[in-house]
Amino acid sequence: MPELDLNSSADLVSALADGNRRALARTISHVENNTKLAQPLLTTLYPQAGHAHLVGITGSPGTGKSTLVNQVAREYRRRDLSVGIVAVDPTSPFSGGALLGDRVRMRDLAGDPGIFIRSMATRGNLGGLAQAGADVVMVLDAAGFDRVIVETVGVGQSEVEIASTAHTTVVVEAPGFGDEVQAIKAGILEIADIFAVNKADREGVERTVMVLQMMLNLGSPDRQQIMHHGRMLPVDWPEPDFDSHVWTPPILETIATKNQGTESLVDAIEEHQSYLKQSGHLELRDRLRAATELRMILRDALLQRLLRQLSKEELTSLVNAVAQRKIDPYSAVQKLLDAHTHSS
Ligand SMILES: Nc1nc2c(ncn2[C@@H]2O[C@H](COP(=O)(O)OP(=O)(O)OP(=O)(O)O)[C@@H](O)[C@H]2O)c(=O)[nH]1
Ligand SMILES: [Mg+2]
């Protein structure tokens with residue numbers, strides 16, 4: 001076999017198709033670090049993706065997400081499905097930190113060729129973590145994993161954005177965290193397809209389940225509607241009949257440390273996948289994902305283009321003017337746009 005050139009896009013792509021782990025790790029690094037190879041790799045791999053079911057697992061810090069992901073991955077392996085895992089940890093300043101913690105928790109998964117785990121913390125450029133996460137998920141999808149699980153801490157908008165790019169989103173709660181309130185604040189309840197109340201061995205599970213049940217009964221608007229009307233591009237497409245297909249998020253109790261409830265959780269994820277396929281929502285979600293992604297990339301590309309046109313002095317003086325309240329930020333932006341873009 002000719003030697004693998006880890007800095008050749010063609011070599012990486014063909015090795016990836018052969019299930020080469022080093023090639024996969026290196027491809028992800030290129031994408032994550034946005035190297036010169038990132039674009040050609042993404043362009044080649046994109047058409048090969050689209051087969052994996054994407055599962056987002058999100059929730060407040062310490063609710064047991066990583067432990068749960070570990071168990072869910074093992075359950076999938078028992079069902080003969082391969083699993084790619086991306087753990088996004090925006091709170092850690094070093095990817096090494098995230099890697100270490102998750103390595104310890106997911107240690108028993110290492111060495112299984114049907115499992116691939118990647119932790120990522122920050123991307124040192126404008127591209128942002130959400131986009132980097134989506135890119136890494138796409139690479140794992142293209143590499144042929146049956147299921148790709150993304151763990152994010154549900155603390156902010158970008159994490160919610162990452163979670164909302166999944167086909168099935170599992171929101172993890174735990175008793176005694178005051179999580180219910182935090183979840184509402186962060187807007188992660190609306191994106192839940194399944195609730196896992198983890199640490200069900202702890203006191204207060206019933207209460208947490210009850211609070212979630214109550215909130216569901218209050219009837220939060222349909223997730224699709226929120227996504228459609230909230231944050232996406234104004235794109236026209238036929239909508240499935242929302243009324244005839246309603247998915248009510250199940251609330252499942254799990255004890256991740258004892259591998260209790262994992263089977264039911266995986267069953268629920270698979271049921272949700274079937275529901276999405278049968279109702280036409282899968283296609284809709286894929287379109288929503290495309291819209292989100294286009295929007296994220298467009299936003300970053302436009303910002304970068306504009307920043308390239310600006311001189312440092314121009315930007316500095318405008319920043320100072322805003323800080324000194326000589327001009328408001330909206331007018332400042334308008335000024336920049338007027339000077340540097342051609343409106344049609
Ligand atoms: N009692 C109990 N402890 C659990 C359970 N699941 C996880 N834990 C413990 O909770 C702690 C946090 O677990 P993690 O899996 O790291 O939680 P996480 O949500 O991934 O944490 P971050 O990624 O830091 O937000 C660990 O000490 C786990 O052993 C459970 O079902 N019951
Ligand atoms: Mg974790």
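Some observations on this one:
- Close contacts from region 67-85, counting a first residue that is farther than 17 Å from A52 by Cα and in the same structural domain as A268 (by TED's automatic domain parsing) and a second that is more than 15 Å from ligand 1 (Cβ to nearest atom) and assigned to a strand (DSSP E or B), with Cβ to Cβ under 7 Å and a gap of 6+ residues or different chains, come to none at all.
Per-residue answers, yes or no, for (1) assigned by TED's automatic domain parsing to the domain that holds E190; (2) within 16 Å of ligand 1 (Cβ to nearest atom); (3) at pLDDT 90 or above; (4) of a type in the set (S, T, Y):
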residue: E3; (1), (2), (3), (4): no, no, no, no
residue: D11; (1), (2), (3), (4): no, no, yes, no
residue: L16; (1), (2), (3), (4): no, no, yes, no
residue: A38; (1), (2), (3), (4): no, no, yes, no
residue: H53; (1), (2), (3), (4): yes, no, yes, no
residue: G56; (1), (2), (3), (4): yes, yes, yes, no
residue: G59; (1), (2), (3), (4): yes, yes, no, no
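- Matching entry among V319, V266, V333 (being part of a helix (DSSP H, G or I), in contact with a Lys or Arg (Cβ under 9 Å, 6 or more places away or on another chain) and either surrounded by 16 or more Cβ atoms within 10 Å (Cβ to Cβ) or among the aliphatic types (A, V, I, L, M) (or both)): V266
- Residue count for region 307-316 satisfying the condition of being exposed (fewer than 11 other Cβ atoms within 10 Å of the Cβ) and part of a helix (DSSP H, G or I): 3.
- E32, sole failed condition from (1) over 16 Å from A142 (Cα atoms); (2) away from ligand 2 (no atom under 16 Å from the Cβ); (3) under 15 Å from the mean Cα position of the chain (by Cα): (1)
- Of all residues in region 178-207, those that are within 21 Å of S66 (Cα to Cα), in a helix (DSSP H, G or I) and modelled with pLDDT of 90 or more total 1.
- When E151 is tested against the conditions (1) out of contact with any helix residue (DSSP H, G or I) (no Cβ under 8 Å at 6 or more places or on another chain); (2) at pLDDT 85 or above; (3) within 16 Å of ligand 2 (Cβ to nearest atom), the lone failure is (1).
- Matching residues, region 45-70, being on the phi < 0 side of the Ramachandran plot and within 10 Å of ligand 2 (Cβ to nearest atom): I57, P61, T63, K65, S66, T67, L68, V69, N70
The values are calculated or read from the model by the stated rules, or taken from the named source; none is laboratory data. In this text the structure is predicted, and so the values were computed from the model without any measurement. Cβ atoms come from the backbone with ideal geometry, glycine included; neighbour counts cover every protein chain shown.
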